[in-house]
1. Can you find, within segment A:189-224, the residue that is nearest to the other protein chains (Cβ to nearest Cβ) among those that are buried (at least 21 other Cβ atoms within 10 Å of the Cβ) and acidic (Asp, Glu)?
2. For B:Lys77, indicate whether it is among the basic types (Lys, Arg), within 23 Å of B:Gln246 (Cβ to Cβ) and more than 14 Å from chain A (Cβ to nearest Cβ).
3. Filter segment B:134-171 for residues that are of a type in the set (Val, Ile, Thr) and either within 14 Å of another protein chain (Cβ to nearest Cβ) or touching a Phe, Trp or Tyr at 6+ places or on another chain (Cβ under 9 Å) (or both) and give the result.
4. Being surrounded by fewer than 12 Cβ atoms within 10 Å (Cβ to Cβ) and modelled with pLDDT of 95 or more is the filter here, so list the residues in segment A:249-271 that pass it.
5. When A:Lys443 is evaluated against the numbered criteria (1) more than 14 Å from chain B (Cβ to nearest Cβ); (2) among the basic types (Lys, Arg); (3) closer than 14 Å to A:Gly82 by Cα, which criterion, by number, is the only one it fails?
6. Taking A:Asp397 and the conditions (1) under 22 Å from A:Ser473 (Cβ atoms); (2) surrounded by 21 or more Cβ atoms within 10 Å (Cβ to Cβ); (3) not basic (Lys, Arg), which numbered condition does it fall short on, given that it satisfies the others?
7. How many residues, within segment A:568-607, are outside any strand (DSSP E or B) and over 21 Å from A:Asp207 (Cβ atoms)?
8. When you scan segment B:196-226, how many residues do you find that are part of a helix (DSSP H, G or I), more than 14 Å from chain A (Cβ to nearest Cβ) and over 18 Å from B:Pro179 (Cβ atoms)?
Amino acid sequence: MRPIDRPAPAGGSSRAARRLLPVLLLAVILPGVPWHAAAESAPGAAESAAAAYFEDHTTAAGVDRPHHNRSFHNPYARIMEGYTALGAAVAVADYDGDGFDDLFVTDSSENGANLLYHNNGDFTFTEVGKAAGVSEGNDATDASANALWFDCDGDGREDLFVVRFGHSQLFRNRGDGTFQDITVQAGLDRYLNSIVAIAFDYDRDGDLDLVLGNYFQPVNLFDPDTPRFFPESFETADNGGGVTLYRNDGPPPGSGPDGIPRFTDVTDAAGLGAHTGWSLDLGHADADLDGDQDLFVASDFGTDRFFRNNGDGTFTDITEQAVGIDTKKGMNADWGDFDNDGLFDLFVTNITDEYMREGNFLWHNDGGLSFTDVSQETGTYDTGWGWAGKFFDYDNDGWLDLYVANGWVSGGPDNYVLDIFQLIVDPDADLADARNWPPMGNKTLSGYERNVLFHNLGGTLFRDEAKRHGLDSIKDARGVAVADFDNDGRLDLFVTNAGAEPNLYRNVLPTGAHWLELLLEGSGANRAAIGARVTVTTAGGKPGAPPATQTSFVNGGNGFASQSTRRVHFGLGPADRAERVEIDWPSGRHQVFEGVAADRLLRAVEGKPRLEPLVPGGGSPTAAPARGTKTPSNPDPADPTDPADSTPGKTPKELAR
Amino acid sequence: MNVALVLFLALQSLPPAMLAVLTAPKESPGTLFDRGMSAEESGETGQALALLEQAAALAPDNLRYGAEYRQAVIAEKAYDRSIAFFESLAAAHPDSADVRLNWGYAYVDKIPAAGAITQVILANTALTHFTEAIERDPTWLALYTRGNSYVYWPAIFKRAKLGVADLERAVEISEQHEPRRYYAHAYAALGDGWWRLGDLAKAREVWQRGVDRLGAVGPLPGLDKRLALDDQALDAYLKSQYAIGQRVATDLRELWTEGVEP
């Protein structure tokens, strides 16, 4: 691998504390001044010795309904219930286009309602799932496992795909707060034990395709006709559900502007059919910067898989070349450029506990589709029994931090490890036969594990700051959604927990590192601009300055049991403007915007020469209750987001590839 | 089908240990061993493995031949080869304790190359063969080996008590013989067992007892290091020493250097 040789940011805690003092004084003296203004008096003061940057607002925000695991009523129920303690998932999107990200949260119990939390704009939410027609995701033959917002028809409205053990559901967003179930018309009515879905334009035909990761084979889990549907091996199992790739063929000819898109299973034709592992998560990114989206499959009970996009509608399995064959229990795939070298790296969780030391993977992208695991070197190796792990810059210092959800089943004092051990060491055991797996009952397996917040110390090392920020919950966490729910430029967290209440953590970062947040709108059917790459360049030189260049992208649902915001967020530290913002659109168009003022929510529309303010509250700037959101009331003559600025030479450049 | 081919195919179907005996040149096991070691040193790995197998097959109770053969196997990452070889050697020599020891070590040798679950299976299988060795001849080495293996198991498996019991017997045997430096391993492991059981005072007492008993023989870095660390540092050190999956030295070379006692 390339050496990771970036020095840690200068300045220790005492230096940070010296910076913090004037910030606190300003906050007391000038209570009416937006927090970002205080930031300008203390550039780079992103560190505090003891302050917590997150507050738990779960109950206050009205999102505290607990998740319920599924119970089974078949001969294998005693083991099924333990192994399906999944399904606590969350998907984030602004489904009603009011400028605030909303939440869709799944339940898994037979009569459990899935929840659509409408963001009221004041960090409270109203549950509207039933009225919207998306609450009925569980019944006797289907259990919700995950969810994905994606604009399947390119109408600019986020549609909803509910991933299920059973028949998944596709709900079309009517645009009036309600949804229409179009699963059958879309060609998606099929029994699969899916656990994850992501959407991206794999064939670059302009619309969003759908990739499903399936855990079990398509055996009816609720009434199995065979007992042999469990993993045949703990390390090399190939009898899972694999992946399913649905190509979006658009609406049938003649169906008019409201035609429902049809999806066609092209798994085998695209080269993904040979993977028959126990898929737990999917992550897409343009790993080699060749303009198409590559695919990583995190797999339980066997090797993860890396598929290179050949650019012609097919993929090639390059696992051995890219990351090597492993025997671990991959559970998460999130891409992010943690060392700001311009290449997207990958975080995969595995199982690390007293009895099994797999360790997570932090795959550093070395270029040329070759990766090196730097989890040991960076301190991200051991979090526990990991689930979702999400990159995000919680302190706006320009370095991607990492939040990891941990813990399998927190039960009674007896430990299930000892039971499973007997199965492991039995050379004659038929693992695929569910009857041979010992029942879990109320036993604990890697339970009561703390979630971990890794603070990125300059791209070479991470330090766990979860306890300091109150993020070290010991619930059996599953998904982590990152979003700026109050549009204040500080990234919040929504964490799902199996069989328990979720946690909504509001980011209250007290000091004012600058930031920039972009919502992209692409041309064509991929209006969500999934796959678009955004590069932000700031001037260096200031103390605590982040690296000159940061790169992010619009992702289509990466990360276990959780879809984060579609916006791209950049922490800018002390930089109060970005010198350049470059967007590489999925269409191939390249746009450059120069001199973009910080602390703004902006909309970038493909082909439009200017960035537009993304005004919360349905278009009226005065309706925005967000704290610290800069509105265009103070035009900056050098700002390309300023409609008044028409100075020649300051307009964005469109550069053909 | 010609005779040579029939013979070749017949030979290939034989257990590895029998094959080694049948194909061995008319030389003494010692000569074969020396030639095998020379071949290993000069990088002729295939030749080295064949010669060392022949030496071990002709002298199954020679612990050293088997141990050096396993080191050559480790260098070649041919772990399954040595496991199969010792399995067949054990079948041919069911009463040999040393063959069972080497068979168990062969599983231990493979652990770093295996996945986390397979590591558990390998470690457990090794314990089975160490037990078989003790059943045949409860030597200091066999008891130390099994006892130390138990200490490697995470506390949740509750095997440390078994390890302490074996290691106390091993120390007891060692104290009936002339002091040798390698006995310090048993004191170290016994103390480690008490650490695993959460009794650091007892652990330090055992390590000190080892120093008192063997200190005059020569330096005892393993025991000295443990005794020099405070509780926190000691815990970190021992956790690193017993980290799952790391390679454990099984070459036994200290024994040949100092001379083997029962």
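The values are calculated or read from the model by the stated rules, or taken from the named source; none is laboratory data. The shown structure was predicted, so the numbers you read here are calculated from the model rather than taken from an experiment. Positions of Cβ are backbone-derived with ideal geometry, glycine not excepted, and every protein chain shown enters the neighbour counts.
1. In this case the residue turns out to be A:Asp209.
2. yes
3. B:Thr145, B:Val151, B:Ile156, B:Val164, B:Val171
4. Selection gives A:Asp268 alone.
5. All conditions pass for A:Lys443, except number (1).
6. With (1) under 22 Å from A:Ser473 (Cβ atoms); (2) surrounded by 21 or more Cβ atoms within 10 Å (Cβ to Cβ); (3) not basic (Lys, Arg) applied to A:Asp397, the lone miss is (1).
7. Matching residues across segment A:568-607 total 5.
8. Residues that pass the stated criteria total 8.
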